[in-house]
Amino acid sequence: MVGMTRWLNPDEQQTWRSFLTASRALMETLDRELQRDAGMPHAYYEILVRLSEAPQRRLRMSELAESSGSSRSRLSHAAARLEAAGWIRREECPTDRRGQIAVLTDAGFATLAAAAPGHVEGVRRHLFDALSPAQVDQLRRISETLVAHLTRS
């Protein structure tokens, strides 16, 4: 099959472009709203959420990078900004001198708690309100299928 390109047919091409445009537009809209309303990009919000859901609001930086879908270098940069804002702190890992633990501070938790209602309303308004219950179910099932396919080891 080497050298045999499986070109997209017109329906697949239209689906791909619609998916790409919708995904980008949704994320750009949510990012813009979080910047305006909470003073942070969506990537920072996602980091704060992951830490808020972790036991004792703390995670190894490597786990945080994986769970938030960020590269380690991008997470390190974001963590420096979040630390400067007082929203997280980094601690040395007691079991691995090379590792670090990110800890959500009380100020970070308060910032997240203040940002969450507006963000959830944006997700509802821009995604769920536009879809029927059957479409929401289809979107969940399609997304789960893609996640399973793309994260196979």
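Only one of the listed residues (Glu83, Glu121) is at pLDDT 95 or above, among the acidic types (Asp, Glu) and either touching a His at 6+ places or on another chain (Cβ under 8 Å) or closer than 26 Å to Ser23 by Cα (or both). That residue is Glu121. Selection within the stretch 1-34: residues that are of a type in the set (Val, Ile, Thr) and under 29 Å from the mean Cα position of the chain (by Cα). The member of this set that is farthest from Ala116 (Cα to Cα) is Thr15.
Any residue at all in the stretch 24-43 that is within 20 Å of Ser143 (Cα to Cα) and surrounded by fewer than 11 Cβ atoms within 10 Å (Cβ to Cβ)? Scanning the stretch 24-43, I find at least one residue that is within 20 Å of Ser143 (Cα to Cα) and surrounded by fewer than 11 Cβ atoms within 10 Å (Cβ to Cβ), so the answer is yes. Annotation: Ala85 fulfils all but one of (1) under 15 Å from Leu112 (Cα atoms); (2) among the aliphatic types (A, V, I, L, M); (3) buried (at least 17 other Cβ atoms within 10 Å of the Cβ); the unmet one is (3). Applying the set (1) among the hydroxyl-bearing types (Ser, Thr, Tyr); (2) under 27 Å from Val147 (Cα atoms); (3) touching a Lys or Arg at 6+ places or on another chain (Cβ under 9 Å) to Tyr45 leaves exactly one unmet item: (3).
Tell me whether the stretch 81-102 contains one or more residues that are closer than 23 Å to Leu131 by Cβ and of a type outside the set (A, V, I, L, M). Full working, then the answer.
Taking the stretch 81-102 and keeping what is closer than 23 Å to Leu131 by Cβ, we get none.
Looking for residues that are closer than 23 Å to Leu131 by Cβ and of a type outside the set (A, V, I, L, M), one finds none in the stretch 81-102, hence no.
Can you tell me which residues in the stretch 44-57 are over 14 Å from the mean Cα position of the chain (by Cα), of a type outside the set (S, T, N, Q) and surrounded by fewer than 17 Cβ atoms within 10 Å (Cβ to Cβ)? Residue satisfying the conditions is Pro55 alone. Out of contact with any helix residue (DSSP H, G or I) (no Cβ under 9 Å at 6 or more places or on another chain) and within 15 Å of Leu104 (Cα to Cα): is that true of Gln56 in this structure? For Gln56, the condition - out of contact with any helix residue (DSSP H, G or I) (no Cβ under 9 Å at 6 or more places or on another chain) and within 15 Å of Leu104 (Cα to Cα) - is met. Scan the stretch 40-51 for residues that are over 11 Å from Leu112 (Cα atoms) and not in a helix (DSSP H, G or I) and the total you get is 1. Number of residues in the stretch 72-130 that are among the charged types (D, E, K, R) and not in a helix (DSSP H, G or I): the value is 7. For the stretch 71-121, filtering for residues that are farther than 14 Å from Tyr44 by Cβ, of a type in the set (Gly, Ala, Ser) and out of contact with any Lys or Arg (no Cβ under 7 Å at 6 or more places or on another chain) leaves 5. Of these, Leu112, Leu104, which one is within 13 Å of Gly39 (Cβ to Cβ) and at pLDDT 95 or above? It is Leu112.
Here's the yes/no breakdown for (1) within 17 Å of the chain's Cα centre (by Cα); (2) under 22 Å from Thr151 (Cβ atoms):
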{"site": "Ser62", "(1), (2)": "yes, yes"}
{"site": "Ser71", "(1), (2)": "yes, yes"}
{"site": "His77", "(1), (2)": "yes, no"}
{"site": "Asp96", "(1), (2)": "no, no"}
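The values are calculated or read from the model by the stated rules, or taken from the named source; none is laboratory data. Everything numeric in this text was worked out from a predicted model, so none of it was measured. FYI the Cβ positions are ideal-geometry reconstructions off the backbone, even for glycines, and counts take in every protein chain you see.
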